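Data block below; observations after.
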Amino acid sequence: MSTTMNARLLPGTPVAEAILARVADGVAQLRTAGVTPTLATVLVGDDEASAGYIRIKQRRAAELGFASPHVRLAASASQADVHAVLAEFNSDPGVHGVLLQYPIPGGLDYDRALQTLDPDSDVDGMHPVNLGRLVAGLPGPLPCTPAAIEALLAHHGVPVAGREVVILGRGATLGRPLATLLAQKRPTANAAVTVVHTGVADWSRYTRRAEILVAAAGVPGIVRPEHVRPGAVVVGGGVRYAGRRLLPDVDESCARVAGAITPRVGGVGPVTVAMLFRNALRAARSAADLVAHPLGDGGGASSRHPQSEFRRQQRT
Ligand SMILES: NC(=O)c1ccc[n+]([C@@H]2O[C@H](COP(=O)([O-])OP(=O)(O)OC[C@H]3O[C@@H](n4cnc5c(N)ncnc54)[C@H](OP(=O)(O)O)[C@@H]3O)[C@@H](O)[C@H]2O)c1
């Protein structure tokens with residue numbers, strides 16, 4: 001980071017650690033009650049980066065006390081093979097959360113596979129039922145990166161309620177669900193949210209007035225100091241990978257203008273992973289009918305979606 005930086009840093013690592021410590025407590029409580037929280041992982045193909053992410057998540061799962069069965073399918077696996085593995089986990093009452101590592105090899109349809117997953121087992125919070133719950137304001141696992149950004153801002157005491165948030169990007173993973181989340185009527189949200197994208201040619205007209213600017217475009221260096229209101233809070237959500245090199249949306253020179261900014265490495269990413277385990281704990285609690293209270297460490301959900309309840313009754 002440049003020596004002319006003025007901005008306060010908003011690191012994600014302490015936020016993730018705080019969340020994971022609470023998850024570990026929740027896991028221990030479940031184990032004491034005789035339930036082994038179980039997070040299954042599925043990897044399709046030979047992508048080394050994906051295999052590395054799965055290894056990190058499995059190691060962390062073990063540290064937190066989760067059981068973590070793993071299935072690795074060959075790159076030659078068919079769509080039906082992927083669906084069969086997910087169906088197997090869906091029908092196993094001992095498996096509470098399931099992670100299908102993204103991406104899966106070309107020729108296979110990730111979204112279609114995700115739709116076969118029990119929405120209550122969806123630890124990424126990206127199943128269409130869960131996105132629908134988010135929009136409807138119903139309990140359910142939250143999409144990890146948007147939830148991570150809300151948690152990061154709350155942890156660092158950045159007020160969001162009543163402030164002008166501008167999100168650059170309307171993608172399904174980040175911009176769109178984040179806009180919904182931060183506009184909700186809750187103390188850590190409740191913002192005036194604007195979303196800009198390629199359809200808004202002069203998007204900097206909006207970002208320059210943002211009190212909180214979230215980059216969610218996946219275009220390296222797209223956010224530059226001239227796009228930032230002096231003193232604003234800048235959150236780097238969008239990243240692109242060049243091999244293992246991480247290329248963030250936010251150019252580091254923005255730290256000269258911003259009042260607070262997430263670091264280039266160790267910002268939103270670690271909190272996103274922590275949210276995945278929070279969703280997994282939520283799923284285990286919910287399955288064990290040890291109900292989490294709203295906005296607690298279980299992810300703020302106690303009730304099941306009727307479709308999932310139906311499936312659960314079918315298999316018990
Ligand atoms: N930090 C983390 O842990 C984490 C986790 C998940 C995802 N991400 C990152 O989040 C980013 C967004 O992912 P996503 O799947 O939600 O989005 P996406 O589907 O990749 O869409 C990107 C969005 O950015 C907009 N955009 C792209 N170039 C632009 C430009 N030059 N000017 C204005 N708008 C532009 C696009 O506009 P149009 O809609 O008009 O095309 C689109 O809405 C990605 O970089 C992804 O890697 C980070």
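Stretching Glu252 away from Thr32 to a fully extended chain increases their span by 74.6 nm, per 0.36 nm per residue minus the current alpha-carbon distance. Helix 48-64 and the long axis of the chain differ in direction by around 70°, with both axes built from C-alpha atoms. Based on Cα contacts under 8 Å between residues 6+ apart, the chain shows a relative contact order of 22 percent. Helix content alone sets the calculated 222 nm mean residue ellipticity of the chain: runs of n ≥ 4 DSSP H residues at -39500 (n - 2.57) each, divided across all residues, give -11500 deg cm²/dmol. DSSP bridge analysis restricted to the chain gives an antiparallel fraction near 10%, rounded to the nearest 5.
For Ile167, the amide hydrogen comes within under 5 Å of the amide hydrogens of Thr194, Val195, Val196, Val214, counting only partners 5 or more places away or on other chains and with H modelled in the peptide plane.
In degrees, nearest 10, range 0 to 90: what is the angle between the Cα axis of helix 268-287 and the longest Cα principal axis of the chain? It works out to around 30 degrees. Proximity of backbone amide H atoms, modeled 1.01 Å from N, is registered between Ala40 and His96, Gly97, Val98, Leu99 at under 5 Å, excluding neighbours fewer than 5 places apart on the same chain. Note on Asp111 and Asp202: with the Förster distance fixed at 35 Å, the Cβ-Cβ geometry gives a FRET efficiency of about 0.60. Against the chain, whose longest principal axis comes from its Cα atoms, helix 306-315 is set at around 30 degrees. Rounded, prolate or oblate, given the Cα gyration tensor of the stretch 57-122, with a/c below 1.5 counting as rounded? Taking the square roots of the gyration eigenvalues as a ≥ b ≥ c, the stretch 57-122 is prolate. Residue-normalised convex hull volume from the C-alpha trace of the stretch 165-280: 113 Å³ per residue. For Arg8, nonlocal amide neighbours, meaning residues 5 or more places apart or on other chains whose placed amide H falls under 5 Å from its own, are Ala260, Ile261.
Highest GNM mean-square fluctuation among Val27, Val160, Val200, for the chain modelled with Cα contacts below 10 Å: Val200. At full extension, Arg55 and Ala74 could sit 5.2 nm farther apart than now, given 0.36 nm per residue minus the alpha carbon distance. Length gained on full extension, Leu9 to Asp81, computed as 0.36 nm times the residue gap minus the Cα-Cα distance: 21.4 nm.
For the stretch 66-154, the relative contact order is 21 percent, taking Cα pairs closer than 8 Å that sit 6 or more residues apart in sequence and dividing their mean separation by the residue count. Converting phi to 3J(HN,Hα) with the Karplus coefficients 6.51, -1.76 and 1.60 and the offset θ = phi - 60°, the stretch 4-20 yields 8, 5, 9, 6, 6, 7, 10, x, x, 4, x, 5, 4, 4, 5, 5, 5 Hz in sequence order, with x at every glycine or proline.
For the stretch 34-118, the relative contact order is 42 percent, taking Cα pairs closer than 8 Å that sit 6 or more residues apart in sequence and dividing their mean separation by the residue count. Applying a DSSP loop filter and a limit of 11 other Cβ atoms within 10 Å to the trypsin sites (Lys or Arg not before Pro) in the stretch 125-187 leaves Lys185.
Only the coordinates and a few stated rules stand behind these numbers; no lab work does. Predicted model only: the values in this text are computed from it and were never measured. Positions of Cβ are generated from backbone atoms using ideal geometry, with glycine treated the same way; all protein chains shown enter the neighbour counts.
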